[in-house]
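All remarks here apply to the structure that follows.
Since every read-out is calculated from the coordinates, none of them should be taken as a lab result. This is a predicted model, so every value here is computed, not measured. Cβ sites come from the backbone with ideal geometry, for glycine too, and all protein chains shown count toward neighbours.
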Amino acid sequence: MKSSSPAKRSLSSSSSDAFDLIVMGGGSTGLPAAITAAAAGARVLLLEHSPKLGGSLHVANGQMSAAGTRLQKEKGIEDSPEDHFADVMRLSRGTADAALVRLAIWNAAGTVDWLTDLGFEPDPVAPTKGIGHEPYGKARYLWGMDKGHSIRRVLETELQRHVDAGRVDIRLEHEVQALSIGTTGAVTGVTARSADGVTHAFTAPSVLLASGGYNANPQMYREICGRDLYTTLPYPYARGAGHRLALSAGGHLRGVENFFINFGYVLETASLPSPLAGRAVTYPDRRAPWEIYVNALGQRFVREDLPSIDARENALLGQPGERYWIVFDQGVLDNAPPLMAGWTREQMAAAFDGRPNFYKGDTLVALAATIGIDPVRLKASVDGYNYGVTTGADFLGRRHLPRPLGTGPFYAIRQQGAPVSSAAGVAVNGDLQVIRRDGAPISGLYAAGEILGSGQLMGRATCGGMMVTPALTFGRLLGRRLAERARQPA
C-alpha cells in the first residue's frame, strides 16, 4: 500500500483558481472531506502547510471508538450509539458538547466501516473497553497496528484515485494567509502563500478549516490557556492558523474551561517546550506503585494506587504547575520493578547523575533542597506514608504498601502534567458552520477536527477515541454536504 504517492504526485497547478470546496489542512478531517467531496462530484482544492499529508496522524495513536461497527458484530458485541453517548457524557461529567458528541457518535460506525472497506486493518485485540484512559462500559475502542499511520495510509491511497481523476488538486507547503469575504459577509475563498513566497487567490462557495489545534504554538497556547506549553509532543504544524482565520471572520472560541491534562510526562530538558525523556509507569494495573507522589508543596495529593485514571488526572489538575515528584529510596530502586517504561534499573540509576528532572539526595532534607520544595513537608509526607506501611492504615487509603521509605540515598523524578490536544476550539453549530457569538453562522465557513478542541469533543476528561473519530466522521459528513452545496444555484 503506497503511503507517499499524494505528497509526491499532486503538486500540479490547476487550470483555474475556482473550486467547489477548499479544504485547509490535509489530516484526519481534511483527507476524508476531500475524498468524499470528490466522490460526490465536487472539484476540491486541498491546501496543506507542511511538505506532506497526514497532519497529526503522523504522531497520534489513531485510537477510535464507535458503537455498532461490523467489527463489534463479528465478535458478538452488542452496542449502540445511545450507550456510547451515555458513556461519553458520564466520563466527561456532562461537560462535553452534547450536540457535537451526538453528531459524531451516531455516524461513527459508518466511518469505521468505511475505513475498513478502504483497507484499514484493526489490531486483532480490538475492540476493547479502553487502554490508557478511563474505560468505556462496552468494548468499542479500536486502533490500527501502526497507530495513526494505519489510518493515514488508507486515506492517502484513496485520495490518490481522485487526484489521478482530476477531482482533487493538492497544494503542499501552502500557508493560508487570509479568508476572502464578500460584500454579504460570506466567505468566498482564501489567499495562500506557497513555499516560494508567491501569494495565490482561490475561490469556492465553501471553505473548510481542518487545520488542527494550536498546541505547537507556545505564544497562542499561553494566550488561550494561560499556561506554558510543556512538551514537543504535538504535531509541529498545529499552530492555530485555522483558529486565527475563524476569529478574523467573526467567529469565537469555546471549551477552554474544560482544559485537561494527562497524569504526567518526564521531560528531557529544563527549557520549554521540551521533548520527553520517557514515561513513568503510573498505571496501578500495570505496575503497583512502590513510591509516593508529592506536589510542589512537598505533600501527597492522591492515593498512588487509585485505579481511576480520571480521578488521578483531576487530582493533578489542581496542583501548582500541574506537576509532581515521584519520591522513593534506595530500597525501592533496588527491589521494585523498573519505574520508567522501557528502562532498566541501571539506566534509571544513571539518570540521577545530572540528567534534568532526576534528583538525588543523601537525606530527605538534601533531596528537598535539590528539588526546591519544603523539607519539613516532604519529611512529614514520608513519615505519614511510613506510618501507613507499619499500621496498614494509609492516610489516603492506599492499599499497596510494600515497604517504608527510609534507606538513603533518596530519589525523585519530576512529572509534568500536560495535554496532547488543544482544549479551546472554534465554535460551530450543528451543521459545523463557524458561528458568531450571537449564534449566527458565517456563510461559507466550516470547521471540523481538532480545531473544534478537546473541550467540546471530550469535555473535562479524556474519552477514548473522541478526537480522531469525530475528525474523520465530520470530514466525511462535510465532504458530501459541501459537494451538494456547490451544486445548488447561487
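Of note:
- Listed peptides 361-369, 232-240 by packing density, highest first (mean Cβ within 10 Å): 232-240, 361-369
- Overall, the ratio between the Cα radius of gyration of the range 362-488 and 2.2 N^0.38 Å, rounded to two decimals, is 1.86.
- Footprinting exposure proxy ranking of 152, 303, 399, fewest other C-beta atoms within 10 angstrom first, gives 399, 303, 152.
- Residues residue 484 and residue 287, FRET efficiency given R0 of 41 Å [Cβ-Cβ distance, rounded to 0.05]: 0.20
- Each Lys and Arg contributes +1 and each Asp and Glu -1, all at the Cβ; summed about the Cα centre of the range 266-416, the dipole is approximately 100 debye.
- Derived scalar couplings ³J(HN,Hα) [the range 325-339; Karplus, 6.51 cos²θ - 1.76 cosθ + 1.60; whole Hz; x for Gly, Pro]: 10, 8, 10, 7, 10, 5, x, 5, 4, 7, 10, 7, x, x, 7
- Environment charge of residue 388, counting only residues whose C-beta is closer than 14 Å and scoring Lys/Arg +1, Asp/Glu -1: 0
- Count Lys and Arg as plus one, Asp and Glu as minus one, and take only other residues whose Cβ is under 15 Å from that of residue 430; the net charge is then +1.
- Value of Rg to Rh for the range 266-416 (Rh from inverse mean 1/r over Cα pairs, i.e. Kirkwood): 0.92
- Residues of the range 91-123 with amide N under 18 Å of the 7 Å Cα→Cβ point at residue 146: 115-123
- Nonlocal amide H pairs with residue 19, under 5 Å, H built at 1.01 Å: 203, 204
- Within the shell of other residues whose beta carbon sits under 9 angstrom from the beta carbon of residue 336, the net charge comes to +1, with Lys and Arg scored +1 and Asp and Glu -1.
- Taking the chain and dividing mean pair separation by its residue count, relative contact order in percent (alpha carbons under 8 Å, at least six apart): 24 percent
- Packing-based ranking of 473-479, 64-70 yields 473-479, 64-70, ordered from highest to lowest mean Cβ neighbour count within 10 Å.
- Dipole of the chain [Lys/Arg +1, Asp/Glu -1 at C-beta], most positive-end residue of 47, 413, 120: 47
- When the pairs 73/147; 52/138; 73/129; 75/147; 147/360 are compared against a 25 Å limit on Cα-Cα distance, 52/138; 147/360 fall above it.
- R0 of 41 Å, Cβ-Cβ distance residue 77-residue 350: FRET efficiency to nearest 0.05: 0.35
- Rg/Rg_ref, the chain, where Rg_ref = 2.2 N^0.38 Å and atoms are Cα: 1.06
- Each Cα pair under 8 Å and six or more residues apart adds its separation to the average, and for the range 266-416 the resulting relative contact order is 31 percent.
- Nearest-0.05 FRET efficiency for residue 380 and residue 270, computed from C-beta distance (R0 30 Å): 0.60
- Taking the number of Cβ atoms within 10 Å of each Cβ as an exposure proxy, the fewest-first ranking of 87, 117, 374 is 117, 374, 87.
- Coordinate range of the alpha-carbon atoms in the range 183-275 per principal axis, descending: 50, 35, 17 Å.
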